[in-house]
Amino acid sequence: MANVLAILEQRGGTLKRVSHETLTVARRIADGLGGEVHGLLIGGAGVQADGLGVFGADTVLVATDDALADYQGDRYASIAATAGDFDVVVVAATALGKDLAPRVAARLGCALAADVTEVRYDGGIVVARPVYAGKATYTLKVTGSPCVLSVRPNAVAPEQTKKPGASESVTVDAAEPKAKTVEVKQPERAALDVAEASVIVSGGRGLKEPENFKLLEDLATALGGAVGASRAVVDAGWRPHAEQVGQTGKVVSPNLYFAVGISGAIQHLAGIRTAKTIVAINKDPDAPIFKVADYGIVGDLFEVVPKLTEEISAIREG
Amino acid sequence: MKLAVCVKRVPDSEARIKVGADGKSIDGTGVKFVLNPYDEYAVEEALKLKEAAGSGEVVVVCVGAEAAQETIRTALAMGADRGVLLMSDTLPLDPLPVATALAAELKDGGYDLVLFGKMAIDDSSQAVGTMVAELLELPSVSAVAHLDIADGKGVAEREIEGGIEVVEFALPAVVTADKGLNEPRYPALRGIMMAKKKPLDVKEAGLDAGGLEVLSLDYPPERQAGRIVGEGAEAVSALIDALKNEAKVL
Ligand SMILES: Cc1cc2nc3c(=O)[nH]c(=O)nc-3n(C[C@H](O)[C@H](O)[C@H](O)COP(=O)(O)OP(=O)(O)OC[C@H]3O[C@@H](n4cnc5c(N)ncnc54)[C@H](O)[C@@H]3O)c2cc1C
Ligand SMILES: Nc1ncnc2c1ncn2[C@@H]1O[C@H](COP(=O)(O)O)[C@@H](O)[C@H]1O
């Protein structure tokens, strides 16, 4: 039978929401192939794998070992590559998935379609892959079997179905990883990452000074979103590289993206092409960002943003 | 210390991408090609490690068409010692065939460390380096923004969502370089002159087709310019109304 393996992701023992998207894609392919979806959750003792039938898992394989709480590339890869006989392996293209997917594909000696934004089954697996920093998109047909797909976070909306989703534990060999994650450093303020956030408030050189990003942090907090940045302010040392959006930063697909004091250079736009709604706030009516924004306000961000934060907080509280 | 760096020839990040007449590949005419920006970090790191070790060799390996010799020469001009071009007029989108060819070339080279870019900015698979490591059964760390090598061991830091993973490994190993790892040097005129005389081996790559078939290459749907809802702070209410009732994202 043509089964699909969906590699799920946890952090600190809690399943990441992106795993629902992974299962949704796996379900779609399995329905096309007439097979089952087997989730695979790897982590420390006590990881939670309940309720995944809702997103289409027939079963969930749970591989636990305290030494697997943090990502260990070669051990995770060996567990995934030996979890069973699968036609397709699906994983989210997160920091973990981008490292894990090529490992699994190399071990299986098969094709990898990386960071895909659309997946459908049409007599075979057909995927869309943005390339050249989003300036063009390939439509590809997978010709080999097995194959590995990594799916860009937020690109596929989770869909609910009803499958058993019973968990089953798998035994893992105790092995020393070749390259070992010894620590995961957490920033002082654990910020939501732009790659995963559904709302992003990004700022650029128009903010004038690093301290002024407080305005955007307040707006992001009111919206439950993350703060992003243009390369200009990252290069200036105002914001960490982790927040950079664009060609040499992160490609993001939030529901709502605010570009505040950002001109809209092509390399910045490369990162936000798949955002659902873009709002631009810029004092220059000719700024290129207005050519891609769904909604724009021409004006001084120092007047607009505080007002926006105030009104949004009022809605959220009311 | 013996180091290898794998580099790719890619269209410049500012190049306008034109879909070719076949509707399945880009039209490269008039496009400026460069050494993949992430590979510059990899070359720089290799040069620094060789300099710190006091001796050694930095070998640049590329799978590509004839014109990729230019890309290798750029890395040689930065200071690498010699180049190897594995010739192939076309490159499959599936990263495995290129990884397989590179792994075969690197296998018996006796390298202490093999460096890659985090991703090629054209196909952006973020895969080739990690695949090569797996094929050679070497430890690997991808998207490395900080690297320390000493006494046959390495410690690398890589950015993950909301944190930084610290990874330890023993040499020989593979790392892929992210922005922030270093500041790549510009080739000096002297370097450019010297690069012309450095050895560059050319052989056939003999790539497989891979397991992905291109159906089409298209431009992404143009984002329609939306509308200016107003000017200044007075426009905030109109914006909120549009986000709530039109876009339905609030
Ligand atoms: C190879 C390469 C890769 C790159 N990768 C990236 C990338 O990944 N991400 C990225 O962002 N850039 C990238 N860039 C850089 C990019 O080309 C631009 O330089 C950068 O995006 C500009 O940042 P900015 O919009 O913040 O600054 P600017 O272009 O200086 O724009 C500032 C904007 O703020 C507005 N403004 C000023 N004051 C106010 C005010 N009081 N109220 C409202 N608006 C105001 C101005 O009108 C202006 O539009 C890359 C460049 C290259 C060459
Ligand atoms: N054709 C190639 N020749 C040599 N190295 C390559 C080639 N393609 C990719 N690489 C290397 O692998 C890295 C990742 O590429 P990719 O997996 O295509 O995003 C690049 O930064 C290069 O270091």
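What is the spin-label model distance, in nm, from B:Asp208 to B:Ile192 if the labels are put 7 Å beyond Cα along the C-beta direction?
Those two pseudo-labels are separated by 4.1 nm.
If you take every DSSP beta bridge whose two residues both sit in the stretch A:118-232, what share of them, in percent to the nearest 5, is antiparallel?
Bridges in the stretch A:118-232 that DSSP calls antiparallel: roughly 70 percent.
If I build a Gaussian network model for chain B, linking alpha-carbon pairs within less than 10 angstrom, which residue out of B:Ser13, B:Ser216, B:Ser140 has the largest mean-square fluctuation?
Largest GNM mean-square fluctuation: B:Ser216.
Taking amide H positions as placed in the peptide plane 1.01 Å from N, state which residues far from A:Val60 in sequence (5 or more) or on other chains have amide H under 5 Å from it.
The answer is A:Gly39, A:Ala166, A:Ser167, A:Glu168.
So what is the 222 nm mean residue ellipticity for chain B from helices alone, if each DSSP H run of at least 4 adds -39500 (n - 2.57) and you divide by all residues, rounding to the nearest 500 deg cm²/dmol? Walk me through the numbers on the way to the answer.
On the way: 6 runs with 61 residues, N = 250.
It comes out at -7000 deg cm²/dmol, rounded to the nearest 500.
What FRET efficiency do you get for A:Glu310 and A:Asp284 if R0 is 22 Å and r is their Cβ-Cβ distance, rounded to the nearest 0.05? Don't skip to the end; give the middle numbers.
Details: r = 24 Å, r/R0 = 1.11.
For R0 = 22 Å, the calculated efficiency reads 0.35.
Using only the alpha-carbon atoms of the protein assembly as shown as identical scatterers, what base-10 log of I(q)/I(0) does the Debye formula give at q = 0.08, 0.09, 0.10, 0.11 Å⁻¹?
-0.54, -0.69, -0.85, -1.04
Nearest 20 debye, what's the magnitude of the dipole of the stretch B:96-250 about its Cα centre given +1 on Lys and Arg Cβ and -1 on Asp and Glu Cβ?
Value, rounded to 20: 640 debye.
Using a Cα-Cα cut-off of under 12 Å, which aspartates and glutamates could be cross-linked to B:Lys197, ignoring same-chain neighbours fewer than 8 residues away?
Excluding near neighbours in sequence, the set is B:Asp81.
Karplus couplings for the stretch A:248-265 from phi (6.51 cos²θ - 1.76 cosθ + 1.60, θ = phi - 60°), rounded to Hz, Gly and Pro as x?
9, x, 9, 8, 10, 9, x, 5, 9, 10, 9, 10, 10, x, 10, 6, x, 4
Under the Karplus relation 6.51 cos²θ - 1.76 cosθ + 1.60, θ = phi - 60°, what is the ordered set of whole-Hz ³J(HN,Hα) values for the stretch B:212-221, x standing for Gly and Pro?
10, 9, 7, 8, 6, 10, 10, 6, x, x
Please give me, ordered by residue number, the GluC sites (Glu not before Pro) of the stretch B:52-106 that lie in loop per DSSP and have at most 16 other Cβ atoms within 10 Å. Write out the running numbers ahead of the final one.
Working: sites: B:Glu57, B:Glu66, B:Glu70, B:Glu105; in loops: B:Glu66.
Here the sparse-neighbourhood loop sites are B:Glu66.
What share of the DSSP beta bridges in the protein assembly as shown is antiparallel, in percent to the nearest 5? Before the final figure, lay out the partial values.
On the way: 42 of 120 bridges.
Just about 35 percent of them are antiparallel.
Among B:Met193, B:Val128, B:Ile160, flag the residue with its Cα farthest along the positive direction of the charge dipole of the stretch B:116-244, charges on Cβ as +1 for Lys/Arg and -1 for Asp/Glu.
The Cα lying farthest towards the positive end belongs to B:Met193.
So how strong a dipole does the stretch A:1-84 carry about its Cα centre when Lys and Arg Cβ are +1 and Asp and Glu Cβ are -1, to the nearest 20 debye?
Here the stretch A:1-84 has a charge dipole of around 200 debye.
For the full complex of protein chains and a 1.4 angstrom probe, list A:Val182, B:Val10 by accessible area with the highest value first. Could you put the intermediate results ahead of the total?
Details: A:Val182 65, B:Val10 0 Å².
Heavy-atom accessible area, descending, gives A:Val182, B:Val10.
Hey, can you grab everything whose amide H is under 5 Å from the amide H of B:Phe33? Only 5+ residues off in sequence or another chain; H modelled, so Pro and N-termini drop out.
B:Asp12
Simple spin-label model, 7 Å along Cα-to-Cβ: A:Asp300 to A:Ser169 in nm?
6.4 nm
Taking θ as phi - 60°, what are the ³J(HN,Hα) couplings along the stretch A:128-139 by the Karplus curve (6.51, -1.76, 1.60), each to the nearest whole Hz, with x for Gly and Pro?
For the stretch A:128-139, the Karplus curve yields 10, 10, x, 10, 6, 6, x, 6, 8, 10, 7, 9 Hz.
Which cross-chain or sequence-distant (5 or more) residues have an amide H under 5 Å from the amide H of B:Val202, H modelled 1.01 Å from N in plane?
B:Leu85
The values are calculated or read from the model by the stated rules, or taken from the named source; none is laboratory data. Nothing here was measured: the structure is a model prediction, and the numbers come from that model. When we count neighbours, we look across all protein chains shown, and the Cβ atoms used for this are built from the backbone with ideal geometry, even at glycine. Please note that ligands, DNA and RNA were not included when accessible areas were found on the heavy atoms of the full protein model with its side chains. Shrake-Rupley method; radii C 1.70, N 1.55, O 1.52, S 1.80 Å.
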